[in-house]
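Beneath this line is the structure, given in structure tokens, with notes to follow.
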Amino acid sequence: MFFSPRAAAPACAAALSLISAAFAQSRSSYDDFLSFGVVSVPEYDGSADEQIVPLIFGQMRFGGARYVAIEGTGVRINVVDDQNWSLGPSVNIGFGRNDDVDNDIIALLEEIDTAIELGGFVSHAWTGIGHPSGVFSLGMGASRDIAGAHDGWQANLTAGYGRNMGDRLRVDGTVGLAVMGENIADTYFSVSSADALASGLGPYEAASGVRDYNASLAVIYQLSDRWSAVGYTSYRRLTGDAADSPIVDQEGDPNQIIAAFGLGYAF
């Protein structure tokens with residue numbers, strides 16, 4: 001899509017899935033929508049430096065409740081024709097880390113190639129919770145790199161709730177956690193002996209486990225029959241071996257914030 005190679009792509013994909021769901025709930029009179037905007041993201045996972053990049057997201061239905069969701073660098077396909085269940089494959093481009101980052105120490109580390117993360121997702125929604133427009137949902141997803149960038153797996157669990165706040169405004173929020181496998185931990189958070197010699201950081205070996213806890217909020221304001229303004233923010237707290245890595249603890253920040261704004265068109 002329109003992301004810089006330094007964008008924190010996995011985080012953005014998770015963020016945009018919430019925006020897509022909120023937008024779909026707010027515009028029930030239309031099947032499809034497409035949105036463009038900008039997003040502020042960390043340069044890489046654990047970075048203290050932000051960058052602003054353009055983004056695109058949308059959703060197109062094909063037969064009943066089935067849909068294809070475009071979420072920045074990722075795509076999800078719901079193959080279930082059910083109003084409450086969603087299930088299907090997903091693919092995401094996970095951009096790595098190169099020597100073009102703002103942090104001069106991290107720029108000396110071995111570069112990380114672009115990953116192609118293939119996986120799937122499942123979620124269930126309960127409607128009419130707390131309000132006629134209220135939706136409570138539980139979901140999970142998992143993926144594995146098939147391009148050889150990290151050859152690892154990752155998974156996430158989310159719980160969300162959203163409802164209309166009047167005729168034009170909808171608010172949706174989620175809480176969740178992300179788990180990483182050994183290979184992802186090693187690729188993104190370990191410091192090899194060669195990296196330590198080049199950068200001055202201490203050697204470090206990261207292990208699998210919970211990668212972060214997170215919370216997010218999406219706000220959709222209907223400007224007209226077809227146009228809406230979209231706002232989004234999320235907070236991720238890196239934890240465990242990810243947070244203890246010198247890449248994060250010494251040169252980065254375990255507090256990861258994403259903020260996005262865009263305009264959406266329903267059709």
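None of the figures in this text is laboratory data; all of them are computed from the coordinates on show. On a predicted model such as this, the values are computed, not experimentally measured, just so you know. Here the Cβ is made from the backbone with ideal geometry for all residues, glycine too, and neighbour counts use every protein chain on show.
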Task: Where only alpha carbons of segment 150-267 are counted, the Rg and the Dmax (Å) - done: 18.9, 60
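Counting only helical runs of four or more DSSP H residues, what would the 222 nm mean residue ellipticity of the chain come to if each run contributes -39,500 (n - 2.57) and the total is spread over all its residues?
Computed ellipticity for the chain at 222 nm equals -4500 deg cm²/dmol.
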Open item on the list: Can you give me the long-range amide H partners of Asp253? Hydrogens built in the peptide plane at 1.01 Å from N, cutoff under 5 Å, separation of 5 or more residues or another chain.
Closed with: Ser47, Ala48
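Give me the dipole magnitude in Debye, nearest 20, for segment 9-266 about the Cα centre, with unit charges on the beta carbon: positive for Lys and Arg, negative for Asp and Glu.
1680 debye
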Task: Top positive-direction residue, dipole computed over the chain with Cβ charges, set Met165, Phe36, Val191 - done: Met165
Open item on the list: In whole Hz and in residue order, list the ³J(HN,Hα) couplings for segment 201-212 that follow from phi through the Karplus curve 6.51 cos²θ - 1.76 cosθ + 1.60, θ = phi - 60°; x for Gly and Pro.
Closed with: 6, x, x, 8, 10, 8, 10, 5, x, 5, 8, 7
- [ ] On a 0 to 90° scale, report how tilted helix 9-26 is relative to the longest principal axis of the chain, with both axes built from alpha carbons and the result rounded to the nearest 10.
- [x] 10 degrees
- [ ] Quick one: which residues, 5 or more positions from Phe95 or on another chain, have an amide H under 5 Å from its amide H? H modelled 1.01 Å from N in the peptide plane, none for Pro or chain starts.
- [x] Ala9, Ala115
Open item on the list: Positive end of the dipole of segment 9-266, charges at C-beta (+1 Lys, Arg; -1 Asp, Glu), about the Cα centre: which of Ile258, Ala65, Gly202 has its Cα farthest in that direction?
Closed with: Ala65
Task: Long-range HN-HN contacts of Ala206 with modeled amide H, under 5 Å - done: Ser190, Val191
TODO: For the chain, state the average projected area of the convex hull of the C-alpha atoms over all orientations, rounded to one decimal in nm².
DONE: 12.6 nm²
